[in-house]
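Read through the structure below, which is laid out as structure tokens, and then see the notes.
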Amino acid sequence: MFKTNLRSLIASRKFSSGNNKQVNGAYDVIIAGGGMVGCTLACALGKRALLSNLKVLLLEGNPSSEFRVKPEYSNRVVALNQNTKSLMNSLEVWEHVEKMRLQPVRYMQVWDACSDALISFSSSDLQDDDVAYIVENDVLLCAIDKELKSSNIKNVDIVYGAKISGYDLPKINDTKMESTVKMSNGDTYKCQLLIGADGANSAVRKAMGVQYLSWNYDQMGVVATLHLSEATENTTAWQRFLPTGPVALLPLDSTRSSLVWSTTHSHAKELLKLPEEQFVDALNDALWKQYPRRSVVDTCTSWVGSCLRRAGLADGAERQLPPSIRAVAPSSRAAFPLAFGHSTRYIAPGIALVGDAAHRVHPLAGQGVNLGFGDVKDLTDFFADAIYTGLDITHHTWLEKYESSRQRHNVPTQLAIDALYRLYSLDIAPLVLARSVGLQLTNALYPVKKMIMSQATT
Amino acid sequence: MESRTKLFNAFNINVFKRLHGFCNFSAINVKKCLMHGSPSCAQQNQKKTNTTVDPEDVYRHGQLTKDWWDEQGVLKGLHSLNLIRIPFVRDGLVQCSLDERDPTPLKDKKILDVGCGGGILSEGLAKLGASVTGIDAGKDLIELATEHSKNNPKLANNLPSYFCTTVEEHSQERKDYYDAVVASEVIEHVYNKEIFVKACVETLKPGGKIFVTTPNRSRITQILGIYVAEYVLNIIPRGTHQYDKFMTSPELTFLLERNNCHVELTYGMIYYPFSNRWELSKSQLLAFATQAEKLK
Ligand SMILES: Cc1cc2nc3c(=O)[nH]c(=O)nc-3n(C[C@H](O)[C@H](O)[C@H](O)COP(=O)(O)OP(=O)(O)OC[C@H]3O[C@@H](n4cnc5c(N)ncnc54)[C@H](O)[C@@H]3O)c2cc1C
């Protein structure tokens, strides 16, 4: 390792092995929240040679748990894009994921229940790269954990079951940038930079007192693990927009898929209570049922389709049929509230927010955690740049660069997702017509599609 | 001896001018920098050493430290200049791929910071591992720089060595010694640039690099820096700047090449006073940064 000339720890650090109670100390960086994003950040701070002199503390509220791959899939899965894969590759996390399990998505079809319009993305559009990967949250966390605890990383301390009782953040005019994290057992930790990776209800964000724009969607996300009627290659992700919200099937293996069904609160509650068989019927209905059509819309879309065909462009007629569902895995159903959230500031002196603490989106585009991993990538790049210039990671110039580069990416993505949600939540003829034709054209025009894909993979 | 003293004076940059030299195109509150010139080493040598500390001196030092090291204070432009001049020097000396980078890229590099002032640049380079020698003709500044570096835990044990001297004198002791000489925001205060550059180059090893940053002599710097600041706004005493002492980049290039150097790079530099940000740019209208190699 490199000789440290970056910073000498001010206070002594005491450790009592096996018992975290007495861990007290001063760190360069404290990460509050060890979800997927917080753990990845800790891992990146440990792995980058330029950053490995930083003393890092990760505080996670949940107890440490041993994870083992079980035959049954977890109902919480995420779709990871290519950028997330390359980040995980650079952290040597991806190989662990591959060893456990993941399912590549090579084709994605999104279609409208109220018309014939459809859009598809396939590997051939991406130089034969996979469109996405479906990974269980637990698998990803476990893979990150393996690297985090490996002998390669020496500068990260972790406290599980951490109960944070409050924060003392630096005041505007403080020359000394230092935050204090107070624990409910009386321990305190100090740090130069506090990172809020504590999810959508971020206590760090609240302590910063920044403006947070948010609204609840009138929807819940019902998740479940599904068994398909017949075995297929199953590398397609399906999403159908119903007037009540999108229903999505994410492939897990040849006979199983994961469900994310966004629907009204009352419907979601009903779906959770239904006996398994009736739930499966309701789901098959949602995937297959013909909704009442409007002839105007149908006439227009078929006319646009024929024009596109004549012009030699994709007319969207080569639709594939979604699988039918045979059964739902026992007790795999659950529902999550869905909301939009945007923190107007991601930074304050000595503080930065990452992941859902800074931004929250509807899961319809499978972007949520990918945006968070993008934060991690950019933040660590800027830290590395600051250190390579001989400056502190808390230097406002780099924090500002982080905020503006991430907001420039995240906010348009969030707004686009929100607009999609609104566009498809209404069933008014002109709107259905507009979105259907829009979708047809987007599907046909390769450059537009490519733009969408590149925005969704960064 | 006579000429030596003259030289001293030629390169006797007092704090006062140093502060203002910089203010010429940064709209900073210069009233605060109306400090009196600090004694130069020439004066210091004449003074007898006395053990009692002058309380006024202490106060002045405190004020001086505050002014030099307050990143949002009168010298904020010099602090933010670090964000481009440190990478400029670093990348001129080492180039390595993203994965090979470590926090001390300038390890094993001996660097001379000419006109180091309070040590803003010296400390920045030392943090990257360089063994830095900072020289300045201002005695107060050298004391201040030394003091500040001792109290900066981030330097670990790699403190710059500071000397109150001129580059002409320093070059007598350290010929062919440094891997790099940096003269940042200083040549515009020097009367005899020929001697100054020659001395700088002498301290360099063959193959070593010299880095110079300085405002350009252009109509813009004349109008903005001198007439506006000194006559219209009245924030700098008249006559602080001598427009004729500013250089243009071809003049500097010519001077360096005449002194056995090959100029490798010249960038323009732009300052945005409201966001206190510097940028390298194509336009050399305001200021420029030059990198040259001493020929073998
Ligand atoms: C139904 C559903 C489907 C989704 N599908 C996808 C998808 O397909 N693709 C995708 O990219 N994203 C998806 N998301 C979004 C994704 O789950 C989130 O973006 C992601 O979990 C955010 O990670 P995070 O680490 O920022 O926050 P979180 O996962 O919320 O982690 C926060 C962590 O901080 C800890 N914590 C919080 N407060 C404290 C405290 N005071 N002290 C100590 N610890 C604390 C918590 O224990 C938790 O571990 C989906 C979300 C939902 C609800």
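The values are calculated or read from the model by the stated rules, or taken from the named source; none is laboratory data. Since the structure is predicted, the reported quantities are computational estimates derived from the model, not experimental observations. Reconstructed Cβ throughout: ideal geometry from the backbone, glycine too, with neighbour counts over all protein chains shown. Surface areas here come from the heavy atoms of the whole protein model, side chains and all, with no ligands, DNA or RNA. Shrake-Rupley method; radii C 1.70, N 1.55, O 1.52, S 1.80 Å.
Name the single residue that is nearest to the ligand (Cβ to nearest atom) among those in the range A:28-53 being under 18 Å from A:Lys190 (Cα atoms) and surrounded by fewer than 24 Cβ atoms within 10 Å (Cβ to Cβ).
A:Asp28
Taking the criterion of being assigned to a strand (DSSP E or B), among the charged types (D, E, K, R) and surrounded by fewer than 19 Cβ atoms within 10 Å (Cβ to Cβ), would at least one residue in the range B:280-292 satisfy it?
no
Can you pull out the residues in the range B:171-216 that are assigned to a helix (DSSP H, G or I) and either open to solvent by less than 10 Å² (accessible area, probe 1.4 Å) or under 15 Å from B:His262 (Cα atoms) (or both)?
B:Ser171, B:Ile187, B:Glu188, B:Phe196, B:Val197, B:Lys198, B:Ala199, B:Cys200, B:Val201, B:Glu202, B:Thr203
State all residues of the range B:116-139 that are open to solvent by less than 20 Å² (accessible area, probe 1.4 Å) and more than 14 Å from every other protein chain (Cβ to nearest Cβ); if no residue qualifies, say none.
B:Cys116, B:Gly117, B:Gly118, B:Thr133, B:Gly134, B:Ile135, B:Asp136, B:Ala137, B:Gly138 - these are the residues of the range B:116-139 that are open to solvent by less than 20 Å² (accessible area, probe 1.4 Å) and more than 14 Å from every other protein chain (Cβ to nearest Cβ).
In the range A:394-445, which residues are modelled with pLDDT of 85 or more and of a type in the set (Phe, Trp, Tyr)?
A:Trp398, A:Tyr402, A:Tyr421
Within the range A:252-300, can you find the residues that are assigned to a helix (DSSP H, G or I) and among the basic types (Lys, Arg)?
Those that are assigned to a helix (DSSP H, G or I) and among the basic types (Lys, Arg): A:Lys269, A:Lys273.
Tell me, please, whether a residue that is more than 14 Å from the ligand (Cβ to nearest atom), more than 19 Å from the chain's Cα centre (by Cα) and within 14 Å of chain B (Cβ to nearest Cβ) can be found in the range A:62-69.
no
Would you call B:Asp99 at pLDDT below 85, out of contact with any Asp or Glu (no Cβ under 8 Å at 6 or more places or on another chain), within 14 Å of chain A (Cβ to nearest Cβ) and assigned to a helix (DSSP H, G or I)?
yes
How many residues are buried (at least 18 other Cβ atoms within 10 Å of the Cβ) and of a type outside the set (Ser, Thr, Tyr) if we restrict to the range B:140-158?
9
Of all the residues that make up the range A:70-97, how many are away from the ligand (no atom under 16 Å from the Cβ) and surrounded by fewer than 16 Cβ atoms within 10 Å (Cβ to Cβ)?
Residues meeting the conditions: 7.
Could you list all residues from the range A:301-326 that are surrounded by 19 or more Cβ atoms within 10 Å (Cβ to Cβ) and out of contact with any helix residue (DSSP H, G or I) (no Cβ under 6 Å at 6 or more places or on another chain)?
Selection gives A:Gly305, A:Pro323.
Keeping to the range A:156-215, report how many residues are away from every other protein chain (no Cβ under 14 Å), open to solvent by 70 Å² or more (accessible area, probe 1.4 Å) and away from the ligand (no atom under 16 Å from the Cβ).
The total comes to 4.
Could you list all residues from the range B:84-111 that are touching a residue at least 12 places away in the same chain (Cβ under 8 Å) and aliphatic (A, V, I, L, M)?
B:Ile84, B:Ile86, B:Val89, B:Leu93, B:Val94, B:Leu106, B:Ile111
Please give the strands (runs of 3 or more DSSP E) falling wholly within the range A:81-188 in which 1 or more residues are aromatic (Phe, Trp, Tyr).
A:107-112, A:118-122, A:132-136, A:164-168
Looking only at residues in the range A:338-366 that are open to solvent by 10 Å² or more (accessible area, probe 1.4 Å) and either within 11 Å of the ligand (Cβ to nearest atom) or of a type in the set (Asp, Glu) (or both), which one is farthest from the other protein chains (Cβ to nearest Cβ)?
A:Leu338
Condition first: more than 10 Å from chain A (Cβ to nearest Cβ) and either of a type in the set (Phe, Trp, Tyr) or open to solvent by 10 Å² or more (accessible area, probe 1.4 Å) (or both). Now tell me which residues in the range B:104-115 satisfy that.
Those that are more than 10 Å from chain A (Cβ to nearest Cβ) and either of a type in the set (Phe, Trp, Tyr) or open to solvent by 10 Å² or more (accessible area, probe 1.4 Å) (or both): B:Asp108, B:Lys109, B:Lys110.
Can you list residue pairs whose Cβ atoms sit under 8 Å apart, with the first residue in the range A:250-279 being under 26 Å from A:Gln367 (Cβ atoms) and the second being in a helix (DSSP H, G or I) and aromatic (Phe, Trp, Tyr)? Count only pairs 6 or more apart in sequence or on different chains.
Close Cβ pairs satisfying both conditions: A:Leu271/A:Phe279.
Evaluate the following for A:Val131: is it of a type in the set (Val, Ile, Thr) and within 17 Å of the chain's Cα centre (by Cα)?
Yes; evaluated as a whole, the condition is true for this residue.
In the range A:367-385, which residue that is more than 12 Å from the chain's Cα centre (by Cα), open to solvent by 10 Å² or more (accessible area, probe 1.4 Å) and of a type outside the set (Phe, Trp, Tyr) is farthest from the ligand (Cβ to nearest atom)?
Within the range A:367-385, the match that is farthest from the ligand (Cβ to nearest atom) is A:Asp385.
Conditions first: (1) under 27 Å from A:Lys190 (Cβ atoms); (2) among the aliphatic types (A, V, I, L, M); (3) under 19 Å from the mean Cα position of the chain (by Cα). A:Leu148 passes all but one, so which condition is the exception?
Among (1) under 27 Å from A:Lys190 (Cβ atoms); (2) among the aliphatic types (A, V, I, L, M); (3) under 19 Å from the mean Cα position of the chain (by Cα), A:Leu148 violates only (3).
Could you list all residues from the range B:244-271 that are of a type in the set (Phe, Trp, Tyr) and within 12 Å of B:Ile84 (Cβ to Cβ)?
Keep residues of the range B:244-271 that are of a type in the set (Phe, Trp, Tyr), which gives B:246, B:254, B:267, B:271.
Passing the criteria: B:Tyr267, B:Tyr271.
With respect to A:Leu433, is the statement that it is more than 14 Å from chain B (Cβ to nearest Cβ), over 17 Å from A:Tyr346 (Cβ atoms) and surrounded by 19 or more Cβ atoms within 10 Å (Cβ to Cβ) true?
Considered against the rule, which asks whether it is more than 14 Å from chain B (Cβ to nearest Cβ), over 17 Å from A:Tyr346 (Cβ atoms) and surrounded by 19 or more Cβ atoms within 10 Å (Cβ to Cβ), A:Leu433 comes out as yes.
So A:Ile144 ticks every box in (1) within 15 Å of the ligand (Cβ to nearest atom); (2) open to solvent by 40 Å² or more (accessible area, probe 1.4 Å) but one. Which box is left unticked?
So the condition that A:Ile144 fails would be (2).
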